[in-house]
Every structure is written in C-alpha cells, then in structure tokens.
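Every number in this text was worked out from the coordinates using simple rules, so none of it is lab data. The structure presented is a predicted model; accordingly, all values stated were derived computationally and were not measured. Positions of Cβ are generated from backbone atoms using ideal geometry, with glycine treated the same way; all protein chains shown enter the neighbour counts.
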Amino acid sequence: MSNEYKLCACPLDCFDVCSIRAEIIDGKVTKLTGNKEHPITQGFICEKGRKHAERMYSPLRLKKPMKKVNGGFVEITWDEALDTIADKLKHYINEYGTLSIAQYNDGGAAGLLKNIENLFFDYLGDVTQFEGNLCWGAGMAAQKLDFGDVKGHAPEDIENAKTIIIWGRNIVETNMHMVPFIKKAKEKGTKVIVIDPITTATTAISDWHIKLKPKGDAAFACAVAKYMIENKLFDHSFVYNYTKGFHELSSYIRSLSYKELLKLCGTNMDTVIGFAGALVHKPASIYIGYGLQRYKNGGSTVRSIDMLGALAGIIGISGGGVNYANKVYGSFIDWESAAPTKEPEHRYISKPRFAADLAGLDNPKVKMLFISRSNPVVQQPDAAEVAYVIKGIEFKVVLDHFMTDTAKLADIVLPVTYFMEETDIIYSSMWNSYMFYNEKLVSRDLDVKPEFEIYSILAQKLGMSDFPQMKEEQWIDKLLSKLYDKGLNASELKRNSFTKINVNPVAWENKEFSTQSGRFEFIDTASLNGCIASEQSKTSEDFRLLTVHAKESLHSQHFLTSEVEHPPVYLNSQDALRLEINSNELIELYNEYGCITAEAMISDKGQSGVLFMHEGWWKKNGGSVNSLTPHDNSDIGLQAVYNDCICKIRKQGA
Ligand SMILES: Nc1nc2c(c(=O)[nH]1)N[C@H]1C(S)=C(S)[C@@H](COP(=O)(O)OP(=O)(O)OC[C@H]3O[C@@H](n4cnc5c(=O)[nH]c(N)nc54)[C@H](O)[C@@H]3O)O[C@H]1N2
Ligand SMILES: Nc1nc2c(c(=O)[nH]1)N[C@H]1C(S)=C(S)[C@@H](COP(=O)(O)OP(=O)(O)OC[C@H]3O[C@@H](n4cnc5c(=O)[nH]c(N)nc54)[C@H](O)[C@@H]3O)O[C@H]1N2
Ligand code: SF4
Ligand SMILES: [Mo]
C-alpha cells in the first residue's frame, strides 16, 4: 500500500481559493483537508472542497465523449468526436464564415491553461463571443471609473480596522476564510456592521445589521453623505488633495431631502447618524459584495459606496479601503511569448442578454456553439429562453464533467479532466493574491482530456499550423515568464504548490489613482440621481425576488445529486398571513419570463414584499430560479441584473 500527501488548490470560483492537502492511497485520492501551512486556508476547507474526491470519482462523471443520436446519447471515441467537430467547423466556416461559430464560457473552474480555449478561437478567426458579466461586472466598471483600477487590501490588513463594514456580501457562506481575520479584529475591539436586506449567517456575526430595502443602498449612501457634508464630518484634506468632482457632488447632495432618501432605503435618521459616526471613526474598512450590483443601477450603487469611502478619507490607509475585488495576476500573464497575438474582430453579444440577442443575430446566424466551464441553461438570466435559443442552434458542443441541463442540449459532449487529473496554475481569487501550481495528482481512470489538449488536437485537425503545440509545463513557463522576471520563483511555486508576488497590502497608499485626472473621481450627479430614483413600479401584489448564493453549492455544481423536488423560497410572515400561505406549502412564483414551483418557508429573515431563494437549482429540482430573472444589462459594466426580478405568487394550481 502506498500512502502519500500532496498539495493542490481548489479551482472553484470562490473568493478563498484554498490550499488543499490530498491524501493519496494506492493512486487514489482518499481524503482532502485544509493545508495548515497556508496563511489564508489555515487548516480548514468547506464541504464543497472536501467533496472534490467524491465528485471526481462520481459514477455520474462523463466517461467518454458522447454524441446525440435520436434524442439520446451514445458514447463515441475521441477521434470520432473531434473529427466530427472539425468537419462541422470547416463546413460552417465555408458556408457562412467564422462569425457563424460562437464561443461561450464562464468561471466553472479556474486554470491558466483553460484559457487556451480562448486562444484557439482567436486563432480560428473572427468568431461570435460574449462580453459582459453574470458575476461582478457593474462593480468592476464602477471602481475603474472612480479609482482607475480595482485593487483591494491584503486580507490581514482588515485587522487594523476600527470598524468593518460588510456591504451586501455573505462572507460566512461565500468567503468563509475571511471570518478568522474578522474574529481577530473583533478581539481587538473592532465593530462589524453588515448592510443587507436579509438576515444571513454574516449578519449573525455582526454587531449591527442595517436592514435596508433592496436597491436602497445609494439612497442610504446619499443620506450618510449629506449628514457628513452638512456637519463637516468629511475628510477635507483627502477630498481637496486627492479627489475630483466634489463641488458639484456636494451641492447635489445638499439639495436632497432626508425624508425622501430615508423612504427610498427604508431606514431612519438614527441609523444614518450612527453609520456616519462609525465611518469617520478611522480607519473603517468597507467590503462590498456582488449581490448589490446585480441590479439595473448596480454600477452607480457601487460608485455611491466608493463616494462614502472618499468622503470619509479611508482610502489608501491601513485598516481602510473600499474593497470590492483584488486581481493581481491577469495583466502579467505573457500570452504574447507563448503564442503570437492575433487580433481578430470578434462579433460580441452581451452575456446577460444571451436570451434576447443571440437568436436575433443575422449575417450570419450562429450555426455552431461551444459551451465550456458553465451551465447557462441554469445560470443565465431568462434561462428558459436561453435553453430555447440553444436548442435552435444547429450544432452544439459542451465541455463538462457531468451531464448538466446544458450538456443535455448538446450534439457532442466532451468529458474533461478533473483538476486533480491535470496540471495547471490557479490564481482566481477575487480577494487574496496567492498563486498555486496544481500538479497532476492521480492518473485518469476515465477517457477524459484537459481542454488545452482538446483544442490542440482540433487545431491540428483543422490544419492551423501556427497554433502552438506545447506540453503543459512549456505553456506554464511561457505564460508565467513575465512573473518570473518580476521575481516569482518558479521552483518555489512548483515545490511549495503556492506563492504570491509582493503587492502593497494597502491599496492606493500613494494616492496616485489610475484615472485620467490621477485623482479619485466622484460619481457624476446625473448618474447618482438616476441611481437613487431607479425603482421599478411594483404593485402590492408584486414581490422582489432575490436569488443568493448557497452555502452548500458553488452555483449549480453541487446540486448535481440534490434530491430536492422544489427549492425553498423564503417569504415574510406578514405576507404569508395576508396571502394565507402556510409553511412548507407549495407556491408558484411567476412573471412574464416564466414560472417555478417552490416550497414556502415562512420567516422574518427577509422583509415584506421581498422573497429570497438560492440560485443553482437544476430542472430536476423544480427548475432554475433564472426562469424568472430578466435578461438585461446594468447601467455600466454589462452586468446581469438578477435581483431586479419582480414576480407574483399564488398557491400551487390556483
Ligand atoms: N458557497 C458558495 N460560495 C460562493 C459562491 C457560491 O455559489 N456558493 N459563489 C462565488 C461567486 S461566483 C461569487 S460572485 C461570490 C458572491 O458572493 P456574495 O456577494 O457574498 O454573494 P451573493 O449571494 O451574490 O450576495 C451577497 C448578499 O447580497 C445581498 N443583497 C442583495 N441585494 C442587495 C441590495 O440591494 N443591497 C444590499 N446591501 N445587499 C443586497 C444578498 O441578500 C446577499 O446576502 O461568492 C463566491 N462564493
Ligand atoms: N439567479 C442568479 N443567477 C446567477 C447568480 C445569482 O446570484 N443569481 N450568480 C451568477 C454568478 S456570480 C456566476 S459567477 C454565474 C456562474 O455561472 P456558471 O459558471 O455557468 O455556473 P456553474 O453552475 O458553476 O457551472 C459551471 C459548470 O462548469 C463545469 N466544470 C467544472 N469544472 C470544469 C472544467 O474544468 N472544465 C469544464 N469545461 N467544465 C467544468 C461544472 O460541472 C458546471 O457544470 O452564475 C450566475 N447566475
Ligand atoms: S469552495 Fe472556496 S472555501 Fe470551499 S474549499 Fe474551495 S476555495 Fe475553499
Ligand atoms: Mo460569480
């Protein structure tokens, strides 16, 4: 019996990106635990991390490529699968041109080499691609406007805050490795404020939960700003030395009425005064989540929070910051040295408007669609329409581990390797700056291939002689070469499994912002005004449906084996009483997009007129919550607006 331990990183699209210790007995992964030596992981991982071996060895894994025949799937060889795909590509390109080929992917698994997929399509020619974002787009665009770039503080720096403000982020469930840092801060006397329209596991660890109306954040931020400006509580020195746009902003903010603002956000003056006091008791550190920017006004909402950070002067100081995301490696990846850059003129469609815009494309229509690392039939807004549009495309190829609701619509499904069966680099955290080397840990029991190999073979079959043909290690060394030049130690990375490059733990410490003016740029008043007024008309019969991320699943991935027949939906007790709905009763949620049946959970976690449920449920679980969500873009950043979802409810069968 051989017994060894190896390190790897969790590739799920999670803030934390844990370092995992794998126990391997006789060539099989038997147990996964958190690496005690990793400063963020600190020896523990979540259930999703512990379940990676179970998923890798799941009997539900796709074992061989599959081809659709008479509505069902049959297993085929890789040769047949890739020959068919290459023939289809040639056929559609000859008949209709490269734009008839569309490529869709998302963050289902991180991996530097996974991006060779994008390179393949750049080499193929001008294809149809998706721009915009299901995840964090509005907030990214917002911080780029205000700061010129998106930077966050190092995780440890939160311990220097006097107040931690967690604004629309459920860290206990979505970013659990931040909790030990917060606990340490609390031991030193730091207070934690959480702003969220619902009661969550994170509000439970706060000292103060501010329960605003959904979408009321910008109105609240304006009320706080008004109080700070009128009472001269703002940081004059920061505002005068490092910002642009204060005069216009200040006269607009002064002109607003507290009464109107408080009505819009659903709170009172004591909360405004208390919050302003906490914010200026420096340093306060703000952590913004992604739920609050999944609205039509999402970008301006994030800008309104940035505005408070600048007024309070908590930018560029230890224990401060308006932290939204932290991506340090992207710009250092050296694609040019790995593969001479092509400059194709892809045709772009908005990702959040997939349902509305893909079918309408003409000259040429999309004839062939590749889908990878994503499950759009469940995760895209207006999911039923997305399924309908995908079905209408002549030839679909899906790359996945499992037969998802999306894979079921494919003509060919390609089974890919699990991360422990392949070598890759992981640097996907939106919060910390660690990079990992994931070495192949176990042999492949199934007839599966990593994406980079699939696309390399396809390139050969298509005669793309300029497409680089390299082994994993060659790709990795070329792609990381700029980082090696910057001091990233390749042998240390490969030996230790993780490393990080030195970035300043305090974002914007030198106050040299990357905007055109070189200053922090306040949101313009027209955008701010549009933002606070952006409420949909809603009758007393209408509910706002918030769809939030589940603790036990990374989006749809861990509902693979869930036997839930109807997803739970949380309904406020006053609403339940009024509509005579009982606990555990099945109710229908419906609007112009679709209808789903869910199990009513009566609770005061939410608020009157608001429903909430988890996203990620499959068809077998009663249907995707996205059967109800609108296909639309946010104000900036082409972000999906899932939480701008208005629906009605009725008893089942009523
Ligand atoms: N367990 C688990 N962890 C995950 C994920 C997962 O699916 N499962 N997904 C990962 C990914 S891809 C992402 S993007 C992140 C997301 O991480 P988070 O941003 O933490 O998660 P969300 O559930 O999107 O939304 C967070 C909170 O926003 C609140 N919210 C909704 N509307 C408003 C509003 O108008 N104002 C305010 N103030 N708050 C509002 C919701 O009530 C919710 O509690 O999590 C990552 N981590
Ligand atoms: N209503 C609502 N909808 C939402 C959200 C919300 O808050 N509310 N959140 C949105 C957010 S933040 C995000 S990020 C998106 C996520 O949207 P998706 O990325 O589409 O969601 P996942 O369910 O994670 O699907 C990933 C798929 O990739 C597969 N996969 C895993 N590893 C690999 C691999 O190595 N290679 C390949 N080829 N496939 C692999 C998985 O099996 C899974 O089927 O969902 C969005 N959808
Ligand atoms: S899902 Fe997140 S918390 Fe869980 S193991 Fe992976 S990186 Fe860690
Ligand atoms: Mo996301």
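Quick notes
- Using only side-chain charges placed at the Cβ, +1 for Lys and Arg and -1 for Asp and Glu, the dipole size of the range 370-435 relative to its Cα centre rounds to 80 debye.
- Between the range 348-414 and the range 80-107, the alpha-carbon center distance in angstrom: 14
- Pairs spanning more than 29 Å between alpha-carbon atoms, out of Lys211/Lys538; Lys186/Lys351; Lys188/Lys226; Lys144/Lys259; Lys63/Lys478; Lys215/Lys391: Lys186/Lys351; Lys188/Lys226; Lys144/Lys259; Lys63/Lys478; Lys215/Lys391.
- Rounded to 10°, Cα long-axis angle of helix 383-392 versus longest principal axis of the chain: 30
- From phi via Karplus (6.51, -1.76, 1.60), per-residue ³J(HN,Hα) for the range 268-284 in Hz, x at Gly/Pro: 10, 5, 4, 5, 4, 5, x, 5, 4, x, 5, 5, 8, 7, 6, x, 10
- Comparing Cα centroids, the range 122-199 and the range 1-78 end up 26 angstrom apart.
- Cα gyration tensor category, rounded, prolate or oblate, for the chain with a/c compared to 1.5: prolate
- Overall, the range 202-275 carries a charge dipole of about 220 debye about its Cα centre when +1 sits on the Cβ of Lys and Arg and -1 on the Cβ of Asp and Glu, all other atoms neutral.
- With neighbour counts taken as other beta-carbon atoms within 10 Å, the residues Ser255, Ser527 rank, fewest first, as Ser255, Ser527.
- Spacing of the two label points (7 Å from each Cα toward its C-beta) at Asp485 and Lys551, in nm: 4.7
- All other residues whose Cβ lies under 9 angstrom from that of Tyr96 are scored, Lys and Arg at +1 and Asp and Glu at -1, for a net of +1.
- Net charge of Cβ neighbours under 10 Å - reference Pro450; Lys, Arg +1; Asp, Glu -1: -2
- Proximal charge balance of Ser285 [Cβ under 9 Å; K/R count +1, D/E count -1]: 0
- Range in the chain, longest, excluding exposed trypsin sites (Lys or Arg not before Pro) [loop by DSSP; at most 10 other beta-carbon atoms within 10 Å]: 233-654
- Per-residue [θ]222 nm for the chain (sum of -39500 (n - 2.57) over DSSP H runs n ≥ 4, rounded to 500): -8000 deg cm²/dmol
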